[in-house]
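A short reminder: the numbers here are calculations on the coordinates, not readings from a lab. Values in this document were obtained by computation on a predicted structure and should not be read as measured data. In this analysis, Cβ positions are derived from the backbone assuming ideal geometry, glycine residues included, and neighbour counts consider all displayed protein chains.
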Amino acid sequence: MRKNRIMTYVLSFAVLAAACIFLAGWNLCSGSVPLSAGEILGICSGAAGNETASRILWDIRLPRILSAAILGGALAVSGFLLQTFFANPIASPFVLGISSGAELAVSLLMILFLGRGISISSLALIFAAFAGAMTAMGFVLLISSRVRDMSALVICGVMIGYLCSAVTDFFITFANDADIVNLRSWSMGSFSGMSWENVRVMAAVVFLAFLGTLFLSKPMGAYQLGEVYARSMGVNVKRFRTELILLSSVLSACVVAFAGPVSFVGLAAPQLVKRMFGTAKPLIIIPGCFLGGAGICLLCDLIARTVFAPTELAISSVTAAFGAPVVVYMLVKSRRREQ
């Protein structure tokens, strides 16, 4: 029995990793300027090739693919942390309004500084997004202390998200600078325009947060069985919950800072990965969520930039098409359980 479970885990990880590699290769080849596998191998090996193709590969597609994979994985892990914290399968940064809070903070920072011709570093964007995410999370926690019904909590989170989005749209609409007005496309979510500097910063932040999440896997497993059980196992529940919220906020803030709010990945990926692995063990699901989220974002980004090329769709429009059915399914399933 134990061997069968291990084989299931290994096979599932192999399938997810293979899917990510396949989608990354497909993304490299696809675009307004198609590149063959031979051309890509020639460019990577340093053989003489088209300079334009080389720049497209190294300066545009590779940073974008790595960004989609890193941020997609971060978003999925963030969603899993929130679902564990609230013991609610439809909790996620986007649904609870956390991403919208981060979006509002980043938008205000950009409007304030870009309007005066001041450049903003990637770390400054992450800190602003983290502050916005923590503020929105604070409101959600305040509501959760007064409202025990999880359905009502989710509705309140959605309302917080709508409020933050409305304020963001208000400021963007009345911004005069052309660069600031272009924030509207960012506010819909996009992996375009990523640089190697962006990739280095997001990789460092996400890697550290991911390690912190793995270190919490043991107390997380106890917490999944209830607060009373977790305390009996020696878990400092108050400190654990704080760490869970901080890590989730850092991961979702990093996504918003670079790509804007990306919907439904943080909700759908953990549910799909749990079903694929047949377990909810954090030590297994956390890396599984990262690979699953990376694969979903690579697929959605491929669709967003190629289906109606040269017009590019907002990434949230594509992820919503995948995530919305998952939300409906989870709601129907939860209602059936209640009956």
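Inter-label distance, residue 242 to residue 332: 4.3 nm, where each label sits 7 Å from its Cα along the C-beta direction. For region 2-67, the orientation-averaged shadow of the C-alpha convex hull comes to 5.5 nm² (one quarter of the hull surface).
Coordinate range of the alpha-carbon atoms in region 2-338 per principal axis, descending: 64, 56, 35 Å. Taking 17 Å as the cut-off, the amide N atoms of region 189-213 that come nearer than this to a point 7 Å along the Cα-to-beta-carbon line of residue 59 belong to 192-199.
Working out 0.36 nm times the residue gap between residue 17 and residue 233, then minus their Cα-Cα distance, what length gain in nm do you get to one decimal?
Here the segment from residue 17 to residue 233 would lengthen by 74.4 nm.
Couplings 3J(HN,Hα) for region 163-174, derived from phi with the Karplus relation 6.51 cos²θ - 1.76 cosθ + 1.60 (θ = phi - 60°), are 5, 4, 5, 5, 5, 4, 4, 4, 5, 5, 4, 9 Hz, where x marks Gly and Pro.
Only helices enter this figure: runs of n ≥ 4 DSSP H residues, each worth -39500 (n - 2.57), summed and divided by the residues of the chain, yield -25500 deg cm²/dmol at 222 nm to the nearest 500.
Let me know the shape class of region 197-326, please: from the alpha-carbon gyration tensor, a ≥ b ≥ c as square roots of the eigenvalues, rounded when a/c is under 1.5, otherwise prolate if a/b is greater than b/c, or oblate. Cα axes put region 197-326 in the prolate bin. The modelled label-to-label distance for the pair residue 145/residue 283, using points 7 Å beyond Cα in the direction of Cβ, is 3.5 nm. Taking a point 7 Å out from the Cα of residue 44 in the direction of its Cβ, the residues of region 57-74 whose backbone N falls within less than 20 Å of it are 57-71.
Sorted by mean Cβ packing within 10 Å, highest first, what order do the peptides 224-230, 309-315, 293-299 take? Could the numbers behind the result be given before it?
Numbers: 224-230: 13.3, 309-315: 16.1, 293-299: 28.3.
Final packing ranking: 293-299, 309-315, 224-230.
The value obtained for region 152-256, namely the Cα convex hull volume divided by the number of residues, is 131 Å³ per residue.
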